[in-house]
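Enquirer: Got a structure for you, written out below as structure tokens; questions coming shortly.
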Amino acid sequence: KAGVTQTPRYLIKTRGQQVTLSCSPISGHRSVSWYQQTPGQGLQFLFEYFSETQRNKGNFPGRFSGRQFSNSRSEMNVSTLELGDSALYLCASSSAPTGARGGYTFGSGTRLTVV
Amino acid sequence: DAKTTQPPSMDCAEGRAANLPCNHSTISGNEYVYWYRQIHSQGPQYIIHGLKNNETNEMASLIITEDRKSSTLILPHATLRDTAVYYCIVRVARRGIQGAQKLVFGQGTRLTINP
């Protein structure tokens, strides 16, 4: 079956702009989580959605937001981009909001560069 | 903050067993040990998880000490494709939506398999 699909794979934006990233989970998975990965901070949790509701949120400013649609696809938005937002943004899906007893399946990520 | 401690790097010869240690001295009774790995420029990949018994699957074996304060991931016959960063994570795993549990990644162990 198809894995977690993230689009676009690469993105270049200018400071002050906003960006929207998309994630399509594995068919049947209703939980989608987002992570940011940078060389300095490593992998950090952004938020998790289950059944269109945000269930958990990491310690990121309000410029970072997300949503989930009825088909479980998710988008995250970053407004007023800063240079420090340059990162690999990873999406992970699971059949349950806590990853049940198994693991999350990650996509390949969207690499965002802010110039 | 991550609740685990791992060596920053390790080397292993191709064909030999790779043994990756992880310390989690503050683990709670209801927390599982999860292992993920991340190959360069890809999303993390779930490997295995366990509570207190040793576990084995097609990818690896997980050995958890009796006091559960440390564990070892074993790749029995390492190949060049096993070169990656390996993350050890402890988290509660439960069904339902009683508080979504995020994955807290540390810096991991960079494993290099040498030919």
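The values are calculated or read from the model by the stated rules, or taken from the named source; none is laboratory data. What you see is a predicted model; the values in this text were computed from it and never measured. Counting neighbours? That spans all protein chains shown, and the Cβs are built from the backbone with ideal geometry, glycine included. Heavy atoms of the whole protein, side chains included, go into the accessibility calculation; ligands, DNA and RNA do not. Shrake-Rupley method; radii C 1.70, N 1.55, O 1.52, S 1.80 Å.
Enquirer: For chain B, set up a Gaussian network in which alpha carbons nearer than 10 Å are linked by springs, and say which option among B:Asn54, B:Asn19, B:Asn30 fluctuates the most.
Expert: B:Asn30
Enquirer: OK, next. Within straight cross-link reach of A:Lys57, meaning Cα distance under 16 Å, which lysines are found once same-chain residues fewer than 8 apart are removed?
Expert: B:Lys102
Enquirer: Taking amide hydrogens as modeled 1.01 Å from N in the peptide plane, which residues meet the under 5 Å criterion relative to B:Thr83, leaving out close sequence neighbours?
Expert: When sequence neighbours closer than 5 places are left aside, the close amide H contacts are B:Ile113.
Enquirer: While we're on this one: Which residues in the range A:20-57 have a backbone N closer than 17 Å to a point placed 7 Å from the Cα of A:Ser108 along the Cα-to-Cβ line?
Expert: Residues passing the 17 Å test: A:22-26.
Enquirer: Also: Zone of A:Glu82 (label point 7 Å along Cα→Cβ, backbone N under 17 Å): which residues in the range A:28-56?
Expert: Backbone N within reach: A:36-42, A:44-46.
Enquirer: Moving on. Bin by bin, in steps of 10 Å, what percent of the Cα pairs in chain B do you find, going until the bin that has the longest distance?
Expert: 14, 48, 30, 7, 1
Enquirer: Could you tell me how many cubic angstrom of Cα convex hull volume chain A has per residue? Don't skip to the answer; put the middle values down first.
Expert: On the way: hull volume 10.8 nm³, N = 115.
Convex hull of Cα atoms, per residue: 94 Å³.
Enquirer: Among bridges DSSP assigns within the range B:13-115, what percent are antiparallel (round to 5)?
Expert: Antiparallel: roughly 95 percent of the beta bridges in the range B:13-115.
Enquirer: Once you put a point 7 Å from the Cα of B:Ala17 and another 7 Å from the Cα of B:Thr56, both along the Cβ direction, what distance in nm separates them?
Expert: Result: 1.0 nm between the two label points.
Enquirer: Per residue of the range B:65-70, what does 6.51 cos²θ - 1.76 cosθ + 1.60 with θ = phi - 60° give for ³J(HN,Hα)? Whole Hz please, x for Gly and Pro, Karplus curve as stated.
Expert: 5, 4, 7, 6, 8, 7
Enquirer: Taking every pair of alpha-carbon atoms in the protein assembly as shown, what share in percent sits in each 5 Å bin, from 0 to the bin with the longest distance?
Expert: 1, 7, 14, 18, 18, 17, 12, 8, 4, 1, 0
Enquirer: Given a Förster distance of 30 Å, report the FRET efficiency between A:Thr38 and A:Arg73 from their Cβ-Cβ distance, rounded to the nearest 0.05. Kindly include the intermediate steps, with their values, before the conclusion.
Expert: Working: r = 25 Å, r/R0 = 0.84.
Taking R0 as 30 Å, the efficiency between A:Thr38 and A:Arg73 is 0.75.
Enquirer: In a Gaussian network model over chain A where Cα atoms closer than 10 Å are linked, find which of A:Gly103, A:Gly58, A:Gly40 has the largest mean-square fluctuation.
Expert: A:Gly40
Enquirer: Percent antiparallel among DSSP beta bridges with both residues in the protein assembly as shown, to the nearest 5? Can you show the working numbers first?
Expert: Numbers: 66 of 75 bridges.
Antiparallel: roughly 90 percent of the beta bridges in the protein assembly as shown.
Enquirer: So which residues in the range A:47-90 end up with at least 40 square angstrom less accessible surface once the other protein chains are there, compared with the chain by itself, probe 1.4 angstrom?
Expert: A:Arg55, A:Asn56
Enquirer: How large is ³J(HN,Hα), in whole Hz, for each residue of the range B:8-22 in order, when computed from phi with the Karplus curve 6.51 cos²θ - 1.76 cosθ + 1.60 and θ = phi - 60°, using x for Gly and Pro?
Expert: In residue order, the calculated couplings are x, 8, 8, 10, 8, 7, 4, x, 8, 7, 9, 10, 9, x, 8 Hz.
Enquirer: If pairing requires two Cys Cβ atoms under 4.7 Å apart, which cysteines of the protein assembly as shown are left without a partner?
Expert: That list is B:Cys12.
Enquirer: Need the list of lysines near B:Lys69 for cross-linking: C-alpha distance under 20 angstrom, and skip anything on the same chain fewer than eight residues off.
Expert: The reachable lysines, counting only those whose Cα sits under 20 Å from B:Lys69, are B:Lys3, B:Lys52.
Enquirer: Before anything else, pin down the relative contact order of the range A:42-115: Cα pairs under 8 Å, at least 6 apart, normalised by residue count, whole percent. If you can, show how the numbers build up before the last one.
Expert: Details: 105 pairs, mean separation 17.6, N = 74.
Answer for the range A:42-115 is 24 percent.
Enquirer: For a quick check: with amide H placed at 1.01 Å from N, whose amide H comes under 5 Å from A:Ser86's, ignoring anything fewer than 5 positions away on the same chain?
Expert: Distant-sequence amide H within range of A:Ser86: A:Val114.
Enquirer: Around A:Thr5, which amide H atoms from residues at least 5 apart in sequence, or from another chain, sit under 5 Å from its own amide H, with H modelled in the peptide plane?
Expert: A:Ser24
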